[in-house]
Amino acid sequence: MKVLLASPRGFCAGVNMAIDSLELALKQFGPPLYVYHEIVHNKYVVNHFREKGVVFVDHLDEVPEGSTLLFSAHGVSPEIRQAARDRQLTAIDATCPLVTKVHLEAIKYAKLGYTICLIGHEGHDEVVGTMGEAPEAILLVETPDDVARLEVADESKVAYLTQTTLSVDDANRIIARLRQRFPQIASPPKDDICYATQNRQEAVSILSSEADMVLVLGSQNSSNSQRLAELARERGVPAYLIDGTSDIRPEWLSAANTVVVTAGASAPEVVVEECLDLLRDEYGATVEVRTTREEHVSFQLPKELRALETK
């Protein structure tokens, strides 16, 4: 078996920042430390922090007053920020800057009186947070067919934004339909879909043409990881989204000569290495790293933690 190991893969700058923030906050404040929603959508990462005394909550009334609370990489609505202040929580904001960018765009367009079409998945933490910035102005668009059903007050004042972890192809299909219906539609000057999401999709798109199968390391609730597996399947290549080696089924690999291995932006490298070890040990795999693009992006820690980093 030949393994084509995609690069770039795994943690993006936003995930690195969020995880580093939680590690530093734990060191400074100790457990129990509370996080609103999962810090990132990855089972391995969440379990790692649970074992260290981190408590992940879906409602702020689960957090004792006066506690330390970290907002996850996916961002939160103004309502949640206010609720944290009301409970006198020490809040640390580990929202990915690329998500914050979308929030600021939503606020800007809403103030200008636009109806905002937010392209994304209903119920995703990022979408919930973004819609909370201007709920009266935002309409969620999940599919191209949704566009025909949109009701807007003024068709000359419509803008679109996107969830950062979408499939580029899926988003472009919806954007094309929006432009068709609203020729004057406004959009942000820079694409909302994050650089890491696009780079990982590009790698799968290129490498899957040489493969019999694609293995994507990532959790089922990880939007960007799901998109990687879908992208390979759209190109006619079987693809499986797995948390780790225990999810791998031998029948998947029985006829696979060339396998692409990649990881979503919230999947740690340790699970990739475990997968490669299994493929080497049980299938005699040789591993070839294939780099489709270089990444050199990093984000600052939240301002609440920057001073602690130097201590």
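With each run of n ≥ 4 DSSP H residues scored as -39500 (n - 2.57), what mean residue ellipticity at 222 nm is computed for the chain after dividing by its residue count and rounding to the nearest 500 deg cm²/dmol? Intermediate values should be presented prior to the final figure.
Details: 11 runs with 121 residues, N = 311.
Taking each H run of at least 4 residues, the total per residue is -12000 deg cm²/dmol.
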- prompt: For Glu79 and Asn47 in the same chain, what is the full-extension length gain: residue separation times 0.36 nm, less their Cα-Cα distance, in nm?
  reply: 8.7 nm
message: Over the Cα atoms, compute the radius of gyration (one decimal) and Dmax (the largest Cα-Cα distance, rounded to a whole number) for the chain, in Å.
response: 20.5, 62
message: Please compute the modelled spin-label separation between Val297 and Glu282, points set 7 Å along Cα→Cβ, answer in nm with one decimal.
response: 3.4 nm
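Taking each pair of different alpha-carbon atoms in segment 21-81 once, compute 1/r for the pair, average those values, and report the inverse of that mean as the Kirkwood hydrodynamic radius in Å to one decimal. Walk me through the intermediate numbers first.
Working: mean 1/r = 0.0850 Å⁻¹.
Across segment 21-81, the inverse of the average 1/r is 11.8 Å.
Using a Förster radius of 25 Å, what is the FRET efficiency between Lys190 and Leu112 based on their Cβ-Cβ separation? Nearest 0.05, please.
Working: r = 18 Å, r/R0 = 0.72.
That gives a FRET efficiency of 0.90.
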task: State the Cα centre-to-centre distance between segment 20-90 and segment 165-238 in whole Å.
output: 29 Å
statement: Kirkwood radius from Cα pairs of segment 1-149 plugged into Stokes-Einstein at 10 °C, 1.306 mPa s, gives D in µm²/s equal to 94 µm²/s
query: Which residue fluctuates the most in the chain, going by a Gaussian network model with Cα springs under 10 Å, if the choices are Pro31, Pro97, Pro250?
result: Pro250
- line: With the convex hull built on the alpha-carbon atoms of segment 98-181, volume per residue in Å³ sits at 83 Å³
message: Just to be sure I understand: if I project the alpha-carbon convex hull of segment 1-55 onto a plane and average over all orientations, what area do I get in nm²?
response: 4.9 nm²
- prompt: Within segment 281-311, whose backbone N sits under 14 Å from a point 7 Å along Cα→Cβ of Leu104?
  reply: 300
query: List the lysines whose alpha-carbon lies under 25 Å from that of Lys52, not counting same-chain residues fewer than 8 positions away?
result: Lys27, Lys43, Lys303, Lys311
message: Tell me the relative contact order for the chain as a rounded percent, counting alpha carbon contacts under 8 Å between residues six or more apart.
response: 27 percent
GNM flexibility winner over the chain from Pro189, Pro78, Pro268 (Cα, springs under 10 Å): Pro189
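Contour minus end-to-end for Glu122 and Lys27, with contour as 0.36 nm per residue of separation and end-to-end as the Cα-Cα distance?
On the way: separation 95, 0.36 × 95 = 34.20 nm, distance 3.50 nm.
Contour length minus the Cα-Cα distance gives 30.7 nm.
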field: Size of segment 128-223 as Cα extents on the principal axes (Å, biggest first)
entry: 49, 27, 25
query: Under the Kirkwood approximation for Rh and a Cα-based Rg, what ratio Rg/Rh is obtained for segment 88-146?
result: 1.02
message: Report the rotationally averaged projected area of segment 243-311 based on its alpha-carbon convex hull, in square nanometres.
response: 7.3 nm²
- prompt: Near the amide H of Leu70, under 5 Å away, which other amide H atoms are found, from residues 5 or more places off or on another chain, if H is placed in the peptide plane?
  reply: Tyr34, Val35, Tyr36, Ile92
message: Cut-off under 16 Å on the C-alpha distance; same-chain residues fewer than 8 positions from Lys108 excluded. Which lysines are left, in chain and number order?
response: Lys157, Lys190
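Each reported figure results from applying straightforward, stated rules to the coordinates on display, with no laboratory input. All values reported here derive from a predicted model rather than from experimental measurement. No Cβ is skipped: glycine too gets one built from the backbone with ideal geometry, and neighbour counts run over all protein chains shown.
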